[in-house]
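The values are calculated or read from the model by the stated rules, or taken from the named source; none is laboratory data. Just so we're clear, the structure is a prediction, and the values are computed from it rather than from any experiment. Backbone-built Cβ (ideal geometry, glycine too); neighbour counts: all protein chains shown. Each accessible area value is taken on the protein alone, full model and side chains, heavy atoms only, with ligands, DNA and RNA left out. Shrake-Rupley method; radii C 1.70, N 1.55, O 1.52, S 1.80 Å.
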Amino acid sequence: MRVRLKLDLFAIAATSFLSACDTAEERAEERFKSGMEYLQAGDVDRALVEFRNVFKLNGEHREARLAYAEAERGRGNLREAYSQYLRLIEQYPDDLPALTALSELAADAGEWEDVDRYLGVAL
């Protein structure tokens, strides 16, 4: 019985140790997957928290940044969505979904110079 208990404790300790060895990239990817699951379940608030956790681990995670921006846009938080799309094209200048979204948001706001700039890059 004691041997079994020791083996179980060893297994738990080993698993904890190996989990602690995950890289920031791996942890960011797990958070991203969790955020996407929350989005699919309709829990946008928790998804946004998970995406912010991704950014703490990997500030250049393209998919998380895009999902975050789209979720904020869907909630009507256009200012935050706009800033996230801007950040995305700072990191990935040729990102077509971000450029398209920025063009649409700028058009809605009547910012025609911005529309021209983003569409020009997109084209």
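Here are the numbers:
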item	result
Total formal charge among the other residues, if their Cβ is under 13 angstrom from that of Ile89, Lys/Arg +1 and Asp/Glu -1	-1
Trp112-Gln40 FRET efficiency (beta carbon distance; Förster radius 41 Å; 0.05 resolution)	0.70
Within-11-Å neighbourhood charge of Asp43 [Cβ basis; K, R +1; D, E -1]	-2
Carbon + sulfur, % of accessible area of the stretch 57-123 - ligands and nucleic acids excluded, 1.4 Å	49
The stretch 28-123: C-alpha gyration tensor shape, a/c 1.5 cut-off, then a/b vs b/c	prolate
Selection of trypsin sites (Lys or Arg not before Pro), the stretch 61-91, meeting DSSP coil and at most 13 other Cβ within 10 Å	Arg75
Local electrostatic count at Glu25 - Lys and Arg +1, Asp and Glu -1, tallied over other residues with Cβ under 14 Å	-1
With DNA, RNA and ligands ignored, accessible area of Ser83 (1.4 Å probe; Å², nearest 10)	50
